[in-house]
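*Asks:* Before anything else, here's the structure in question.
Derivation of every value follows stated rules applied to the coordinates shown; laboratory data play no part. What you see is a predicted model, and the numbers here were worked out from it, not measured in a lab. Backbone-built Cβ (ideal geometry, glycine too); neighbour counts: all protein chains shown.
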Amino acid sequence: MELGDLITIDLIEFNVFASTKEEVLRKVATHLYKAGRVSDEEAYFQALVNRENATTTGFGKGIAIPHANIEEVTLPTISVLKLNTPVEWDSLDDKPVNIVIALAVPSKAKGTIHLQLLAKLSEELMEDEFVEKLHKANSKDEIYQYITNVFHKE
Amino acid sequence: MNIVAVTACPAGVAHTYMAKKGLEKAAKKLGHTIKVETQGSMGLENEIKPKDLETADLVIFAVDTKIEKADRFKNLKIYEVPVAAAVKNADKVIEDAIKKYFG
């Protein structure tokens, strides 16, 4: 597996309609199942919900990063959804979310290069400039570029 | 001030590293030095060593889980917050920690 496979253009979606956090998570699970990234849609969906119930992944600035590491994940994956209308996410700054960056990690992936890349991406999300770019992006290609650029950053 | 910190979350995929970045940025902004150890999916990284502890004025734990090798920090000034606090507002975490121990 190439590093770039962590995210592909097909894993980015624009104009996603959903009115609740749960609906968004369902869409993420269906999408990753159809893309062959998870072997069990329901298990992944439940893991995402459980993770949200532990503490919200809406870290502020209109972005949430729902994630799960379970056995039923086939390939480490980043998927990005831009929502048509912001959705309530109990975020740390109380603001609704309009960008969802969903992560799926196979439970046996511990310590791999892909996890390092996810860690890098997580750190980059603390940079306002990067967040701003994601909000302004209006094509799948732009989002893909911004995220893969992070992987190549020293 | 010399600060050492540990960040950790149950999944160890995202928040551990966001909290690390948050604390590093906040320390820089507030004029402190900080070393942040992450205990995440890649194990223990940037490990805090005895040498770091000799000069540490303050320890910050931004954690939602039990940390490994916690006994390293005994007898030091420890300020513990949930990992989300360091993601949301790391400036405040550092300021509150200093307030607690140094007034």
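*Asks:* Placing +1 at every Lys and Arg Cβ and -1 at every Asp and Glu Cβ, with all other atoms neutral, what dipole size does the protein assembly as shown have around its Cα centre, in debye to the nearest 20? Numbers along the way, then the final one.
*Replies:* Numbers: 33 positive and 39 negative charges, 122 e Å.
It works out to roughly 580 debye.
*Asks:* Moving on. Per residue, what volume in Å³ does the Cα convex hull of the protein assembly as shown take up?
*Replies:* Convex hull volume per residue, Cα atoms: 121 Å³.
*Asks:* Find how much the distance from A:THR30 to A:GLU127 grows on full extension, using 0.36 nm per residue of separation minus their present alpha carbon separation; answer in nm with one decimal.
*Replies:* 31.9 nm
*Asks:* Placing +1 on the Cβ of each Lys and Arg and -1 on the Cβ of each Asp and Glu in the protein assembly as shown, which of B:GLY31, A:ALA109, B:CYS9 has its Cα farthest towards the positive end of the resulting dipole?
*Replies:* B:GLY31
*Asks:* Explain nothing, just the number: dipole magnitude of chain B about its Cα centre with +1 on each Lys and Arg Cβ and -1 on each Asp and Glu Cβ, in debye rounded to the nearest 20.
*Replies:* 180 debye
*Asks:* Also, quick follow-up: Taking the Cα centre of each part, how many Å lie between segment A:65-96 and segment A:116-152?
*Replies:* Comparing the Cα centres of segment A:65-96 and segment A:116-152, I get a distance of 14 Å.
*Asks:* Can you spot the aspartates and glutamates whose alpha carbon is less than 12 Å from A:LYS21's alpha carbon? Ignore those fewer than 8 places along the same chain.
*Replies:* A:GLU52, A:GLU88, A:ASP90
*Asks:* Is there a pair in A:LYS140/B:LYS25; B:LYS25/B:LYS92; A:LYS120/A:LYS140; A:LYS153/B:LYS25; A:LYS120/B:LYS77; A:LYS27/A:LYS153 whose C-alpha atoms are over 22 Å apart, and which pairs would that be? Before the final figure, lay out the partial values.
*Replies:* Values: A:LYS140/B:LYS25 30 Å; B:LYS25/B:LYS92 12 Å; A:LYS120/A:LYS140 20 Å; A:LYS153/B:LYS25 18 Å; A:LYS120/B:LYS77 30 Å; A:LYS27/A:LYS153 31 Å.
Beyond 22 Å between Cα atoms: A:LYS140/B:LYS25; A:LYS120/B:LYS77; A:LYS27/A:LYS153.
*Asks:* Compare B:LYS21, B:LYS51, B:LYS77 in a GNM of chain B, Cα atoms joined below 10 Å, and give the one with the largest fluctuation.
*Replies:* Looking only at B:LYS21, B:LYS51, B:LYS77, the biggest GNM fluctuation is shown by B:LYS51.
*Asks:* Further, regarding this structure: Under 5 Å between amide hydrogens, which residues at least 5 positions from A:PHE14 or on another chain qualify, with H placed 1.01 Å from N in the peptide plane?
*Replies:* Hits under the 5 Å cutoff: A:LYS82.
*Asks:* I'd like the distance separating the alpha-carbon centroids of segment A:12-31 and segment B:22-42, in whole Å.
*Replies:* 33 Å
*Asks:* To make sure I understand, if each residue's beta carbon is the centre and we count other beta carbons within 10 Å, what order do A:TYR146, B:TYR79 fall in, fewest to most?
*Replies:* In order of increasing Cβ crowding within 10 Å: A:TYR146, B:TYR79.
*Asks:* Could you list B:PHE61, A:PHE59, B:PHE73 in order of exposure, starting from the residue whose Cβ has the fewest other Cβ atoms within 10 Å?
*Replies:* B:PHE73, B:PHE61, A:PHE59
*Asks:* Against the empirical 2.2 N^0.38 Å scaling, what ratio does the C-alpha Rg of chain A come to?
*Replies:* Values: Rg = 14.1 Å, N = 154, 2.2 N^0.38 = 14.9 Å.
Output field value: 0.95.
*Asks:* Let me ask you something else. Which order do B:MET42, A:MET126, B:MET1 fall in if you start with the one that has the fewest other Cβ atoms within 10 Å?
*Replies:* Fewest-to-most ranking of B:MET42, A:MET126, B:MET1: B:MET1, B:MET42, A:MET126.
*Asks:* Name the most mobile residue of A:ALA64, A:ALA102, A:ALA35, meaning the one with the largest mean-square fluctuation, in a Gaussian network model of chain A with Cα contacts below 10 Å.
*Replies:* A:ALA35
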